[in-house]
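Following: one structure in structure tokens, then a few remarks.
The values are calculated or read from the model by the stated rules, or taken from the named source; none is laboratory data. Only a predicted model underlies this, so the values are computations on that prediction, with no experimental measurement involved. Here the Cβ is made from the backbone with ideal geometry for all residues, glycine too, and neighbour counts use every protein chain on show. Accessible surface areas use protein heavy atoms only, side chains included; no ligands, DNA or RNA. Shrake-Rupley method; radii C 1.70, N 1.55, O 1.52, S 1.80 Å.
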Amino acid sequence: MITYLVKYYDQMLILLLEHLYLVCLSMLISLLLAVPVGLLIARSKWLSTAILSFFGVVYSIPSLALFSFLLPAFGLGKMTAIAVLVIYNQYILVRNTVTGFQSIDASIIEAGYGMGLSARYMFLKIQLPLALPIILGGIRIATVSTIGIATIAAVIHAGGLGVLLFDGLRMNYLPKILWGTILSSLLAYLANHILLSFETKAIERARGECRGDTA
Amino acid sequence: MARTAIEFRNVSKQYANTSQYAVAGVNMRISEGSFITILGTSGSGKTTLLKMVNRIYEATSGEILYFGEHIKNLKLEEYRRKIGYVIQQVGLFPHMTVEENIGAIPQILRWDTDTIANRVNALLELVCLSPRDFKKRYPRQLSGGQQQRVGLARAMAADPDIMLMDEPFGAIDAITRQNLQEELIRIQRKLNKTILFVTHDVSEAFKLGDKVVIMHEGTIQQFDTPYGIISKPANEYVARLIATQDIVQRLKVLKAQSVMLPVDAQVSDRAFRVGTEESLHNILTYFLEHDQNHVLVEDGGRGVVGKITWEQLKVSTRQGKILSA
């Protein structure tokens, strides 16, 4: 196993970076879509229920099926992989954005508008900081699940750590399977850990538990 | 004569998907510097009436005037900043310190840092919280009563002319509530703000209000001084509402000046003296505890203006009771 690492560390590094690229890019696109959508639909109970159940149905489609379903549209490679990952993320991210904003105590909103705060001030200084912990929670869960699902993208030649896994399976070569597993798990663990620390910060701030420089 | 701070002209409000009016054809003038309580049961339209003033709810028809100007013609945010707003759930911003909560509007108004800091300190002292101890705290580190004090301070931050208060002491324990009520009266006397205060508590309404608005099914049943309402209830509903209060409660509401017999200023009597605002309840207690059968009523600088005898107190009390039974 160690000999495999020593011999092929450069290739493994490339696959790891490729994996990171897939995850980061699809997370970025997902966020750019999900946060505005979540904000828009959070005001309407009816709309948010409808859209969330739609994404819920999509989320329940197995990843392999969704990859093959989108192949005709985007072809083999990274494009399809990113499209699939973005679609899956919508459910978690939109749901958490909606919940984040809806969870803010209505009296805070009423008091804010009632005392004459502008919509812009309300959003940036009041609503966003209070919704942030739940939104960050969504980002964390979405990132971890994206790291996992992205391994399957190797099947459609999107590269990434899945290549190690699937090659290892095909060749029945244990070191490859193990390294693929270890690296992707480690990546997921680290991502979770880092994002969790941001989330904890945001929770403390939203609850008024930190003495940060907020003035 | 005091200016009219708020005027309602035939104001009605109907919520979407309901056939009934929450508020129906209300006409009312509120003079500057008065403390008005709006009393009613839930569903009476009292909160709707209040929240139409700062346009949390928009009136379906009719007009509301703020010092003679139609509120719909005023810029919403600027208009709201001239009105202090206090609600039962307080609604402090949990991620901001007490200081930041109170300073939010002054900051938007671009006051300089020192002015804001001084204002925050002064307001905290006004609501009986030590600035040194409380300024840097977060809302969750405060008790319910302290939170509402901060809410009150925040509402007064930009020195509004008018304060709207929606059952502000509704969720606070009885003892703290009593302190807050007394402090609110003191603050109002000191700063002469126009206050509209919604409550469902009869004794609170009568204790705080110079005048009381009694709402039922979206209309005003009576708009009068506490004494006026107790001595002459306008209709059956008002009579029943105040009859739920026992006689001692009612005596707490009645003030010395409302039953005193006028006297000449040159009284050299050594009898006990009370203020014009003294409650009949306290005067009764005095009669019961001392071997006296009259007290003199004094009006600050003007000296003795009236007297109340034991007989007079009995007669007024009985009249009040008969009228509202």
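I need the peptides B:143-150, B:209-216 ranked by packing, meaning the mean over residues of other C-beta atoms within 10 angstrom, with the highest value on top. Kindly include the intermediate steps, with their values, before the conclusion.
Working: B:143-150: 19.5, B:209-216: 22.1.
Result, highest mean Cβ count within 10 Å first: B:209-216, B:143-150.
With runs of 4+ DSSP H residues as the only contributors, calculate the mean residue ellipticity of chain B at 222 nm using -39,500 (n - 2.57) per run, divided by the residue total and rounded to the nearest 500.
Per the formula, -11500 deg cm²/dmol.
Net charge around B:T37, counting only other residues with Cβ within less than 10 Å of its Cβ (Lys, Arg = +1; Asp, Glu = -1)?
Working: positive: B:K46, B:K207, B:K211; negative: B:D201, B:E204, B:D210.
Once positives and negatives cancel, what remains is 0.
By how many nm would the segment from B:E217 to B:K190 lengthen if fully extended, with 0.36 nm per residue of separation less the alpha-carbon distance? Please report the intermediate quantities before stating the final value.
Numbers: separation 27, 0.36 × 27 = 9.72 nm, distance 3.49 nm.
Full extension from B:E217 to B:K190 adds 6.2 nm.
Going through the cross-link list B:K190/B:K252; B:K13/B:K75; B:K72/B:K255, which pairs have a Cα-Cα distance over 29 Å in this structure? Spell out each step's value before the answer.
Numbers: B:K190/B:K252 22 Å; B:K13/B:K75 21 Å; B:K72/B:K255 39 Å.
Listed pairs above 29 Å: B:K72/B:K255.
At most 12 other Cβ atoms within 10 Å and a DSSP loop assignment: could you name the trypsin sites (Lys or Arg not before Pro) in segment A:1-48 that fit?
Passing both the DSSP loop test and the Cβ count: A:R43.
Within 10 Å of each Cβ in peptide B:71-81, how many partner chain Cβ atoms are there on average? Round it to a whole number, please.
Other-chain Cβ atoms within 10 Å of each residue's Cβ, averaged: 2.
What is the list of residues in segment A:17-52 whose amide nitrogen lies under 15 Å from a point 7 angstrom out from the Cα of A:L190, following Cα to Cβ?
Within reach of a label on A:L190, which here means backbone N under 15 Å from a point 7 Å along Cα→Cβ, segment A:17-52 contributes A:17-24.
Once both axes come from the Cα atoms, what is the angle between helix A:45-59 and the longest principal axis of chain A, in degrees from 0 to 90, rounded to 10?
10
Applying 1/(1 + (r/R0)^6) with R0 = 30 Å to the Cβ-Cβ distance of B:D173 and B:Y15, what FRET efficiency is obtained, to the nearest 0.05? Walk me through the intermediate numbers first.
Working: r = 33 Å, r/R0 = 1.09.
It comes to 0.40.
How much length is gained on full extension from A:T3 to A:W46, taking 0.36 nm per residue of separation minus their Cα-Cα distance? Let's see the in-between values first.
Numbers: separation 43, 0.36 × 43 = 15.48 nm, distance 5.83 nm.
Here the answer is 9.6 nm.
Sequence neighbours fewer than 8 away in the same chain don't count; with that in mind, list the aspartates and glutamates whose C-alpha is under 15 Å from B:K136.
A:E209, A:D213, B:E99, B:E100, B:E125
To test your reading of the geometry: what angle, between 0 and 90 degrees and rounded to tens, separates the Cα axis of helix B:310-324 from the longest principal axis of chain B?
Computed tilt is about 60 degrees.
Treating the angle as unsigned and between 0 and 90°, give the value, to the nearest 10°, between the Cα long axis of helix A:128-152 and the longest Cα principal axis of chain A.
Orientation of helix A:128-152: about 10 degrees from the principal axis.
Evaluate the distance, in nm, between pseudo-label points positioned 7 Å from the Cα of B:A117 and of B:E236 along their respective Cα→Cβ axes.
Reported label-point gap for B:A117 and B:E236 is 6.4 nm.
Given R₀ = 35 Å, FRET efficiency for B:W310-B:E183 by Cβ-Cβ distance, to 0.05? It would help to have the intermediate numbers written out before the result.
Working: r = 33 Å, r/R0 = 0.95.
For B:W310 and B:E183, the calculated efficiency is 0.60.
Take the Cβ-Cβ distance between B:D159 and B:T41 as r, set R0 to 45 Å, and report the resulting FRET efficiency rounded to the nearest 0.05. Walk me through the numbers before you get to the answer.
Numbers: r = 34 Å, r/R0 = 0.75.
So, using R0 = 45 Å, E works out to roughly 0.85.
Where the accessible area of the protein assembly as shown is counted over protein heavy atoms with a 1.4 Å probe, how much of it, in %, is carbon and sulfur?
On the way: 15180 of 26530 Å².
For the protein assembly as shown, the apolar C and S fraction of the accessible surface comes to 57 percent.
A:S107 versus B:R302, label points 7 Å from Cα toward the beta carbon: distance in nm?
The two pseudo-label positions are separated by 4.2 nm.
Describe numerically, in nm with one decimal, the distance between label points set 7 Å from Cα along Cα→Cβ at A:Y21 and at B:R110.
That separation, rounded to one decimal, is 4.9 nm.
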